[in-house]
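First comes the structure, then the notes that go with it.
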Amino acid sequence: MQHTNRERAAWSIGILVVLFYALIPVAWIAAISLKTPEQVADRKFYSGFHLDNYEVIFKDDMFIAALINSIGIAAIATLISIVLAAMTAYATSRLNFAGKTVILSGALAVAMFPPISIVGSLFDMWRAVGLYDTWPGLIIPYMTFTLPLAIYTLSAFFREIPWELEQAAQVDGATPFQAFTKVIVPLAAPGVFTAAILVFIFAWNDFIFANTLTSTDNARTVPAALAFFTGASQFEQPIGAIAAAAVVVTVPIIIMVLIFQRRIVAGLTAGAVKG
Amino acid sequence: MEAATTSAPAAAPPAKKKVTDRAKAERKLAWMLCAPAVIAMIVVTGYPIAYAFYLSLQKFDLRFPDDKEFVGLANYGDVLTSSTWWTDVFTTLIITVVSVAIELVLGMAIALVMHRAIFGRGPVRAAILIPYGIITVVAAFAWKFAFDPTSGFVAGLPLISDDAQPLNTKNGSLMVIVLAEVWKTTPFMALLLLAGLALVPDELHEAAKVDGASVTQRFFRITLPLMKPAILVALLFRTLDAFRIFDNVYIIQPGGALGTETVSILGYNVLINRGNLGLGSAISILIFLCVILIAVFFVRVLGTSTAQQRGEA
């Protein structure tokens with residue numbers, strides 16, 4: 001491949017523009033989180049390295065509770081969603097049955113469903129059955145709304161698995177259980193893992209259910225807690241503390257995204273359903 | 001689920017009976033595997049939407065719970081004759097159309113950069129996945145703080161007046177909301193378009209090049225037409241997603257202040273803040289109908305095919 005220096009220069013600029021575009025807000029929120037209250041108004045990207053805001057949020061019971069709620073709720077919702085979706089994806093990609101199209105179209109409809117249309121009902125129903133402001137009260141909608149994404153991603157991966165290998169292993173003397181655990185599980189694991197990352201990001205990101213179906217530290221997740229942070233006066237948002245909290249919940253996701261970028265791209269384009 | 005037992009031909013010849021039994025067993029297994037997910041989706045979306053419809057026919061305000069009564073379509077009448085609803089629909093449509101249009105252009109540019117990358121494909125892919133992974137609320141705060149009149153860096157930039165306070169005006173706020181929305185969701189658009197670009201055969205480009213077609217001609221005459229299905233699917237998903245915009249508006253202009261109220265924010269305000277479940281549910285159902293209308297428009301009028309998404313391609 002021969003490329004002129006001019007082409008190379010143009011590409012370098014293109015890449016820099018994309019990097020700048022992606023990173024600027026992240027850099028800004030990180031910059032604010034490292035400022036002291038006196039420096040907040042200096043408008044600079046770097047004003048020294050102060051961890052005061054991080055001390056504040058890690059001493060804040062509300063933030064700690066929200067962090068635990070977010071991790072627990074997203075993890076449990078992901079686990080259940082993946083198990084149910086794997087069963088469905090196995091059936092739709094391997095078994096022959098009428099109703100396959102109905103199920104997949106139904107899942108597509110759920111993916112397009114506007115959450116605001118049911119938050120009022122869930123608010124009323126959850127208060128009646130005691131699920132309001134509890135973990136299951138959020139796990140149930142998260143699990144459901146991530147099912148389409150998980151089903152599509154897993155179906156796409158399952159269709160690629162050479163299932164004949166299972167029979168081949170059995171012919172060679174493996175028990176059906178061995179054939180499944182030693183042959184199929186390792187082949188399916190990358191797809192399952194990819195779907196799990198996408199589902200976790202979805203649950204971790206949700207704001208509308210977290211905001212409407214919780215009211216206390218009991219189940220309030222980080223996005224909702226961030227919106228409720230108040231400073232010294234009730235009407236003033238503590239910019240530094242919010243920024244520090246934002247960085248704390250963003251860094252693990254960025255690391256995860258960077259490590260698994262190939263899989264996430266494959267999963268997003270295979271499933272092609274918004275995460 | 002009753003389908004599993006009805007359609008098997010009872011009087012099949014003996015030789016084929018074994019196959020039928022097997023097919024029957026397979027069907028039964030399939031339904032057993034799908035049942036939990038199907039039931040979950042029906043119970044958590046189907047039932048609440050039906051319940052929302054029931055609530056929308058009632059006069060039901062949580063502040064006066066004893067005052068509940070059937071009022072027919074009166075709530076819909078109230079919503080559809082209020083100027084607030086139509087203003088909010090208009091605001092939502094503006095945000096949707098402007099952000100999706102910008103995302104399409106930007107997403108296509110990023111997809112082309114990634115597709116034809118001479119080098120540095122990895123860093124670009126990594127960079128665009130960052131907005132995708134970040135919590136929408138966090139991204140909204142980042143942009144809000146960037147435009148803050150006293151502490152944001154934007155007002156400190158050269159060429160921008162120190163008095164520029166976009167968050168204190170309606171149009172400025174809408175601009176920041178669109179910016180936050182575009183920043184966060186362009187990567188998704190770019191990835192979908194990149195997958196579509198990969199389906200355009202290189203030979204066509206080579207042939208056109210030999211025939212003397214310019215880069216622009218090749219893009220508009222070859223790439224775009226062949227990518228139409230992928231573009232339409234990406235537009236459908238993003239339009240529906242942008243139409244229900246909530247998080248960004250809620251954070252950037254709390255409560256939809258300064259005329260930035262979108263339909264989802266209106267629904268939230270009436271349902272949760274005011275506790276008017278009757279009127280709020282009517283808004284919920286109307287938003288649901290709008291989403292169906294948009295989907296039907298894409299599928300029927302523009303001919304978007306979601307077959308690939310359903311795994312039939």
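Using DSSP H assignments, which helices in chain B have an axial alpha-carbon span of 20 Å or above and a mean Kyte-Doolittle hydropathy of -1.0 or higher? Write down the numbers at each step before the final one.
Numbers: long enough: B:14-41 (40 Å, -0.03); B:83-115 (47 Å, 1.60); B:170-197 (38 Å, 1.26); B:224-243 (27 Å, 1.43); B:277-296 (28 Å, 2.82).
Helices meeting the span and hydropathy rule in chain B are B:14-41, B:83-115, B:170-197, B:224-243, B:277-296.
Which residue, A:Ser155, A:Ser33, A:Ser12, has the most motion in a Gaussian network model of chain A that connects Cα atoms within less than 10 Å?
Maximum fluctuation in the GNM of chain A, among the listed residues, is at A:Ser12.
Relative contact order for segment A:70-171: what is it in percent, counting Cα pairs under 8 Å that are at least 6 residues apart?
Numbers: 57 pairs, mean separation 55.1, N = 102.
Across segment A:70-171, relative contact order equals 54 percent.
Kirkwood Rh and Cα-based Rg: tell me the resulting Rg over Rh for segment B:228-300, rounded to two decimals.
Details: Rg = 14.2 Å, Rh = 13.3 Å.
Rg divided by Rh gives 1.06.
Bin all alpha-carbon pair distances of chain A at 5 Å intervals from 0 and give each bin's fraction as a whole percent.
Pair shares across the bins are 1, 5, 10, 12, 13, 13, 12, 11, 9, 6, 4, 2, 1, 0, 0.
Give the aspartates and glutamates whose C-alpha is closer than 20 Å to that of B:Lys170, dropping any in the same chain fewer than 8 places away, or say none.
B:Asp88, B:Asp148, B:Asp162, B:Glu181, B:Asp247, B:Glu261
Set the bar at 31 Å for Cα to Cα. Now go through A:Lys182/B:Lys28; B:Lys184/B:Lys228; B:Lys59/B:Lys144; A:Lys100/B:Lys184 and name every pair that lies beyond it. Please report the intermediate quantities before stating the final value.
On the way: A:Lys182/B:Lys28 26 Å; B:Lys184/B:Lys228 23 Å; B:Lys59/B:Lys144 38 Å; A:Lys100/B:Lys184 34 Å.
Distance filter (> 31 Å) returns B:Lys59/B:Lys144; A:Lys100/B:Lys184.
When the C-alpha atoms of the protein assembly as shown are aligned to their principal axes, what extent does each axis show, in angstrom, from largest down?
The Cα atoms of the protein assembly as shown stretch 86, 78, 48 Å along the principal axes, largest first.
Taking the Cβ of B:Ile292 as the centre, find all other residues whose Cβ is under 13 Å away and add up their charges (Lys, Arg: +1; Asp, Glu: -1). Intermediate results must be reported in sequence, preceding the final value.
On the way: positive: B:Arg244, B:Arg300; negative: none.
Taking every other residue near B:Ile292 into account, the sum is +2.
Compute the relative contact order of segment A:148-234 as a whole-number percentage, counting only Cα pairs closer than 8 Å that sit 6 or more residues apart in sequence.
Values: 42 pairs, mean separation 24.6, N = 87.
Computed over segment A:148-234, the figure is 28 percent.
Local charge sum around A:Val183 (other residues, Cβ-Cβ under 15 Å, Lys/Arg +1, Asp/Glu -1)? Provide the component values of the computation, followed by the final result.
Details: positive: A:Arg94, A:Lys182; negative: A:Glu160, A:Glu164, A:Glu166, A:Asp172.
Local charge sum for A:Val183: -2.
Which residue fluctuates the most in chain B, going by a Gaussian network model with Cα springs under 10 Å, if the choices are B:Glu181, B:Glu203, B:Glu69?
B:Glu203
In whole Hz, what ³J(HN,Hα) sequence does segment A:191-206 give by Karplus (6.51, -1.76, 1.60; θ = phi - 60°), x for Gly and Pro?
For segment A:191-206, the Karplus-derived couplings read x, 4, 5, 4, 4, 4, 4, 4, 5, 4, 4, 4, 5, 5, 7, 4 Hz, x marking Gly and Pro.
Grab the DSSP H runs of the protein assembly as shown that are 4 residues or longer, score each as -39,500 (n - 2.57), total them, divide by all residues and round the 222 nm result to the nearest 500 deg cm²/dmol.
On the way: 26 runs with 394 residues, N = 588.
Per the formula, -22000 deg cm²/dmol.
Pop out the ³J(HN,Hα) list for segment A:22-31 in order, Karplus 6.51 cos²θ - 1.76 cosθ + 1.60 with θ = phi - 60°, rounded to Hz; leave Gly and Pro as x.
Once rounded to whole Hz, the list reads 6, 9, 4, x, 5, 4, 5, 5, 5, 4.
At R0 = 30 Å, how high is the FRET efficiency between B:Glu26 and B:Leu199 if r is their beta carbon distance? Nearest 0.05 is fine. Spell out each step's value before the answer.
Details: r = 33 Å, r/R0 = 1.10.
It comes out at approximately 0.35.
Over segment A:53-271, what is the mean sequence separation of C-alpha contacts under 8 Å (at least six apart), divided by residue count, expressed as relative contact order in percent?
Working: 226 pairs, mean separation 76.1, N = 219.
The normalised contact order for segment A:53-271 reaches 35 percent.
What ³J(HN,Hα) values, in whole Hz, does the Karplus curve 6.51 cos²θ - 1.76 cosθ + 1.60 give for segment A:257-265 when θ = phi - 60°, with x put for Gly and Pro?
4, 5, 5, 9, 4, 4, 5, 5, 4
What does the charge add up to near B:Val200, with Lys and Arg as +1, Asp and Glu as -1, over the other residues with Cβ less than 14 Å from its Cβ? Mind showing how you got there, number by number?
Numbers: positive: B:Arg116, B:Lys209, B:Arg218, B:Arg221, B:Lys228; negative: B:Asp202, B:Glu203, B:Glu206.
Local charge sum for B:Val200: +2.
Using a Gaussian network model on chain A with a 10 Å cutoff between Cα atoms, which of A:Gln39, A:Gln170, A:Gln237 fluctuates the most?
Of A:Gln39, A:Gln170, A:Gln237, the most mobile in the Gaussian network model is A:Gln170.
Take the alpha carbon gyration tensor of chain B, find the square roots of its eigenvalues, order them as a ≥ b ≥ c, and report rounded if a/c is under 1.5; if not, report prolate when a/b exceeds b/c, else oblate.
Details: a/c = 2.31, a/b = 1.07, b/c = 2.16.
Here chain B falls in the oblate category.
Output the Cα-based Rg and Dmax of segment A:107-162 in Å, rounding Rg to one decimal and Dmax to a whole number.
14.7, 48
Under the rule of at least 5 residues apart or a separate chain, name every residue whose amide H is placed under 5 Å from the amide H of B:Gln58.
Under 5 Å from the amide H of B:Gln58 lie the amide H atoms of B:Val71, each far enough along the sequence or on another chain.
Throughout, read-outs are computed from the coordinates displayed, never taken from laboratory work. These numbers were taken from a predicted model, which means no experiment stands behind them. Methodologically, a virtual Cβ is constructed for each residue, glycine included, from the backbone with ideal geometry; neighbour enumeration extends over all protein chains shown.
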